[in-house]
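Input: a single structure, listed below in structure tokens.
Please treat every number below as a calculation from the coordinates, not as lab data. Predicted model only: the values in this text are computed from it and were never measured. Every residue, glycine as well, gets a Cβ built from its backbone with ideal geometry; the counts of neighbours run over all protein chains shown.
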Amino acid sequence: MKLTICLSKTVIIFYTILAIPITIGSLHNLVYGVLFNENSTISLGAFSLFGFILLPLLIISSYRNNKCIIESDKISIGKTEYPLTIYSFSIQEKYLPLKDRPIFFLFKKTYHDLIIKEINTNRVILLKELNVFQNDIKKIRLALS
């Protein structure tokens, strides 16, 4: 079984929604403010002028770095491969109090981490927070078992 999933799906969805008005405003600021000089330029920063290039590049690079491919003999996260013969994988569920929760997920009480350990030394190699939906966590657990 091969499962391809992004480990930061909710973050990428949030930034994609946020990128739409920033991209439109950035293009408007660049075209009408700088090129045509019809409107006053709001700012000369990188995101105000070139947000239509930078923000999609950040979203794509974030997706590529958090892309997880679970196969029968290995797991690949980004460009790093973890063979099942050397590493053990588990998903840890943790409870966060209200003061420690992210501002956009205040009502979500339980969070999940992907833990990768070496089998021989039991040393934690990777502790990655899973920013995915509950359905995706079930798929990951099913693929890992």
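Here is how the numbers come out for the structure above:
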item	result
Under 14 Å from the Leu142 label point (7 Å along Cα→beta-carbon), backbone N, the range 63-103	none
Percentage, to the nearest whole number, of Cα pairs in the chain over 19 Å apart	62 percent
FRET efficiency for Phe14 and Thr110, using Cβ-Cβ distance with R0 set to 25 Å, rounded to 0.05	0.85
For the range 97-104, Karplus couplings with θ = phi - 60° (6.51, -1.76, 1.60), whole Hz, Gly/Pro x	x, 4, 6, 9, 6, x, 5, 8
Over 23 Å (Cα to Cα) - which of Lys74/Lys117; Lys74/Lys94; Lys9/Lys139; Lys108/Lys138; Lys74/Lys109; Lys99/Lys139 fall in this group	Lys74/Lys94; Lys74/Lys109; Lys99/Lys139
Cα long-axis angle, helix 46-65 against the chain (0 to 90 degrees, to the nearest 10)	10 degrees
Computed label-point distance, nm, for sites Arg123 and Thr85 using a 7 Å Cα→Cβ extension	2.1 nm
The chain: calculated mean residue ellipticity at 222 nm from DSSP helix runs of at least 4, using -39500 (n - 2.57)	-12000 deg cm²/dmol
Least to most buried among Phe107, Phe89, Phe133 (fewest other Cβ within 10 Å first)	Phe107, Phe133, Phe89
Translational diffusion coefficient (Stokes-Einstein; Kirkwood radius from C-alpha pairs) of the range 71-144 at 25 °C, 0.890 mPa s, in µm²/s	180 µm²/s
